[in-house]
Amino acid sequence: MTRAKIIGVGSYAPKRILTNADLEKMVETSDEWIVQRSGIRERRIADDTEASSDLAVKAAQQALERANLVPEDIDFIVVGTTTPDMFFPTTANMVQHRLGCRQAGSVDVLAACAGSVYSLAVGSQFIQTGKYRRVLCIGAETLSKITDFTDRGTCVLLADAAGAAVLEASDDGSGLLDVDLYSDGRYWELLYMPGGGSRHPATPETVAARMHYAKMKGAEVFKVAVRMFGECATKILERHGLTARDIDLFIPHQANLRIIEAAVKRVGLPMDKVFVNIDRYGNTGAASVYVALEEAVSAGRLKRGDLLLLAAFGGGFAWGAALMRW
Ligand code: UT7
């Protein structure tokens, strides 16, 4: 059976570091509150000239290099992003052009913070059907561009980064074993950006009403996230006759350390099998799982044959889990 196997990973985060101490000077908050409630100590913020595709290109170049491929080897590009460079054309198209992937089709996937698992799912399908041999999957965000830095409920959490994975068709039993995607639009008002779309196009009034920033009901998102995160991870394991004991590494979306801890408790996983880097990056949306995967690989946390579980959730609600034999 042909599966999509990851043969190279890459990541990139902007140089500028915004610490909790910096935020203390911007809104009424404290390092203690942010660390205790979210686990975040610092995050990276793009400068005025950097858009999501700039981050994506750098992450993708690293992934291609590690996969020993040239851009022309890529058949298709999927970019998960909530913060595209512009409404259209797609950020994936920008990446395709900038990398020089002349043979590749490309598409953006918008599934908010679940964009990592969603983009991986979309990209891998083309490999499983035999349509394409090599697909570049990317998660890229500049969430700081839609962050209201007067809203302490969101500005301490959201941040910028990109991660990439090169998928290749493989018949050796390793690769993506399964992926589950879910959504429930009943929860859309818990996390959304009201302005700029066809519902509320940009006007001086929408700008004045701060409608072009992400809005979040944090405590409510927290509760739904813990439940859905835990459920989707458990379901995919059960379907494959596996238990938490079989998992070598779990890479969850990095939204909040307490959400991760509560969810893995439900799944029955010990924290030493969970990869966490939220302390240094904050919530980087569709990028977070890819960035964490790159760090896990570079740190030698994954060896051939390991069973890897990925899971992500985000606004929409959209969420999902992926199971992979490394
Ligand atoms: O990527 C997926 C989407 N996002 C998430 O998964 C985020 C989910 N939610 C969360 O991570 C948490 O709900 C937060 C970190 C956003 C908030 O933590 P919490 O423990 O749920 O706090 P809360 O919203 O219940 O607020 C507790 C108190 C409130 O004050 P009062 O009403 O008790 O006086 C808030 O106003 O903390 C206050 N607060 C803050 N205080 C200092 C809210 N934000 C801050 C802040 N600094 N940055």
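What the table shows:
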quantity	calculated
Average projected area [Cα convex hull, segment 177-325], square nanometres	9.8 nm²
Relative contact order (%) - the chain, alpha-carbon pairs under 8 angstrom, separation at least six	26 percent
Solvent-accessible area, 1.4 Å probe, carbon plus sulfur percent, for segment 177-325	52 percent
Among ALA104, ALA21, ALA255, residue whose mean-square fluctuation peaks in a GNM of the chain (springs only between Cα atoms under 10 Å)	ALA21
Accessible-area composition of segment 4-172, carbon plus sulfur, in percent [1.4 Å probe]	49 percent
Cα-based equivalent ellipsoid, segment 4-172: semi-axes from gyration tensor eigenvalues, Å	32, 15, 14
Cβ charges +1 (Lys, Arg) and -1 (Asp, Glu), total dipole of segment 177-325, debye	180 debye
DSSP-defined antiparallel bridges as percent of all bridges, the chain, nearest 5	70 percent
With DNA, RNA and ligands ignored, accessible area of TYR12 (1.4 Å probe; Å², nearest 10)	40 Å²
The chain, accessible area per residue, ligands and nucleic acids excluded (1.4 Å, Å²)	43 Å²
Highest to lowest packing among 122-135, 274-287, scored as the average C-beta count within 10 Å	274-287, 122-135
Largest-first ordering by accessible area, 1.4 Å probe, given options MET271, MET1, MET324	MET1, MET271, MET324
Packing-based ranking, highest mean first, of 110-117, 44-51 given that Cβ atoms within 10 Å are counted	110-117, 44-51
Order by protection proxy (mean Cβ within 10 Å, highest first), peptides 311-317, 61-67, 142-148, 195-201	311-317, 142-148, 61-67, 195-201
Pairwise Cα inverse-distance average, inverted: Kirkwood Rh of the chain (Å)	19.5 Å
Relative contact order [Cα under 8 Å, 6+ residues apart], segment 177-325, whole percent	36 percent
Euclidean distance between Cα centres, segment 105-125 to segment 1-54, Å	20 Å
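The values are calculated or read from the model by the stated rules, or taken from the named source; none is laboratory data. Keep in mind that what you see is a predicted model, and the values were worked out from it rather than measured. Note: ideal-geometry Cβ built from the backbone for every residue, glycine included; neighbour counts use all protein chains shown. The area values use the complete protein model at the heavy-atom level, side chains included, leaving out ligands, DNA and RNA. Shrake-Rupley method; radii C 1.70, N 1.55, O 1.52, S 1.80 Å.
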